[in-house]
Amino acid sequence: MKSGFYLIFCSLIFVCCSKDEKAGLYDFIQVPFGFDKPKIPADNELTEDRIKLGKLLFYDKLMSRDTSLSCASCHKPELAFTDGLPKSVGIDGKFVMRNASTLTNVIYNPYLLSEGGVPTLEQQILVPIMEHNEFDTNILILAERLNNRKDIIDLSLKAYGRPPDPYVITRAIAAFERTIISGNSLFDNYLRNSELFSPKQYLGSTLFFSERTNCSSCHSGVLFTNFHFENNGLYVNYDDEGRKRLTGKDKDEALFKVPTLRNISVTAPYMHDGSFQNLRQVIEHYNKGGAGHHNQSKLVKPLHLTEYEKECLIEFLNTLTDTEFLSDKKYRL
Ligand code: HEC
Ligand code: HEC
């Protein structure tokens, strides 16, 4: 009787597992504890060859007009795919208008760039390729270049059944980007074992998730962003129009997509223009309550934090670092 039950139990597990395997979606992605299953477009399901090709292209300097830059020049894995600069530097030493975004968990972003104007990873790839301050070229030229490379042609045929062309270039890089998933920080482990936080980290977390600071009203959920567009009061007058660049509307002036805070300890400098060097400056900013831009969110207001509370908040933010992710070989050539 007992062993009969055991058999049924085992076969149930087996049925569940084989169902998941059939879906095939998650063979290359480990969905972290508490995260939703991410969506993957039907025309670009993940395969080993697609991810491999995407990674090769992500690191290939052939992608820029003068072959001096790759995606990885501005998105370095050890810095959670940022570049450590206030504003990125592109081709011929030209400045890019913004601070490089982290690509941490980018598979979950419903739209891309600070103004949210680009709906898919596949489409986003055209932006750096064409930007005069970034790769300054066009995708047809890149396809031509890649068709002189036997390793790339062979892999492209295996991955998508066609030689490298704009379809393949955009899809392969997007496939690689979808594997950039991070959910193994001290904070994640703390969710399963509450003894892991020091008293300071714990106090920092209660401040972060409190109505007193409102941090988690915007930096919410396991991704630490609600993906809304907000003004967090950096300036009275911004050089960058933010979401207004896309919509042309005054109500969107200086609104930026709320960024994730995962791996925040390694993605300095901060904000769309890299104007804060460290987390201390970020906390001082929020503590003052913002400069008072006419679109500033009501959630940003003076906090009256003590020195000790500021330290605790910073310690909490440091628990969002996923060191295994930052050194993971699968993101490197
Ligand atoms: C010269 C530096 C530079 C290069 C090269 C570059 N990027 Fe970026 N990337 C940036 C900057 C700066 C931003 C932020 C732009 C913004 O917010 O408007 C960004 C944003 C992004 C985003 C949006 C992330 C989000 O959450 O909205 C993705 C995805 C991305 N880059 C992928 C790539 C890929 C793929 C390549 C290569 C094809 C690449 N980048 C090349 C600097 C660069
Ligand atoms: C009203 C929504 C809102 C609230 C409340 C808020 N933030 Fe932000 N946060 C933002 C936005 C929007 C940005 C990006 C602004 C920009 O790029 O100029 C941001 C940026 C940041 C950054 C820099 C991220 C990066 O990658 O550059 C950190 C760190 C941060 N916030 C921490 C906090 C903390 C800590 C609190 C609470 C004290 C908080 N935020 C409260 C909306 C908010």
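The table that follows gives values for the structure above.
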| item | result |
| --- | --- |
| Those residues of segment 209-250 which are within 16 Å of residue 111 (Cβ to Cβ), within 12 Å of ligand 2 (Cβ to nearest atom) and of a type in the set (Val, Ile, Thr), in sequence order | 225 |
| Some residue of segment 220-227 being part of a loop (DSSP other than H, G, I, E, B), open to solvent by less than 50 Å² (accessible area, probe 1.4 Å) and farther than 29 Å from residue 308 by Cβ | yes |
| Test for residue 261: is it touching a strand residue (DSSP E or B) at 6+ places or on another chain (Cβ under 9 Å), of a type in the set (A, V, I, L, M) and either assigned by TED's automatic domain parsing to the domain that holds residue 225 or modelled with pLDDT under 95 (or both) | no |
| Evaluation of residue 115 against (1) more than 8 Å from ligand 1 (Cβ to nearest atom); (2) surrounded by 16 or more Cβ atoms within 10 Å (Cβ to Cβ); (3) of a type in the set (D, E, K, R) (one fails), failing number | (1) |
| Counted residues, segment 168-190 - those being among the aliphatic types (A, V, I, L, M), under 18 Å from the mean Cα position of the chain (by Cα) and not in a loop (DSSP other than H, G, I, E, B) | 4 |
| Where a residue in segment 314-333 is more than 30 Å from residue 286 (Cα to Cα) and its partner, wherever it lies, is open to solvent by less than 30 Å² (accessible area, probe 1.4 Å), with Cβ under 7 Å and at least six apart | 331/77; 331/180; 332/77 |
| Enumerated helices (runs of 4 or more DSSP H) restricted to segment 43-145, each holding at least 1 residues that are over 18 Å from the mean Cα position of the chain (by Cα) and either among the aromatic types (Phe, Trp, Tyr) or away from ligand 2 (no atom under 16 Å from the Cβ) (or both) | 48-58, 126-130 |
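The values are calculated or read from the model by the stated rules, or taken from the named source; none is laboratory data. Note that the coordinates shown come from a computational prediction; the quantities given were computed from them, not determined experimentally. A quick note on method: Cβ atoms are made from the backbone with ideal geometry, for glycine too, and the neighbour counts reach across all protein chains shown. Calculation scope for accessible area: heavy atoms of the full protein, side chains included, ligands and nucleic acids excluded. Shrake-Rupley method; radii C 1.70, N 1.55, O 1.52, S 1.80 Å.
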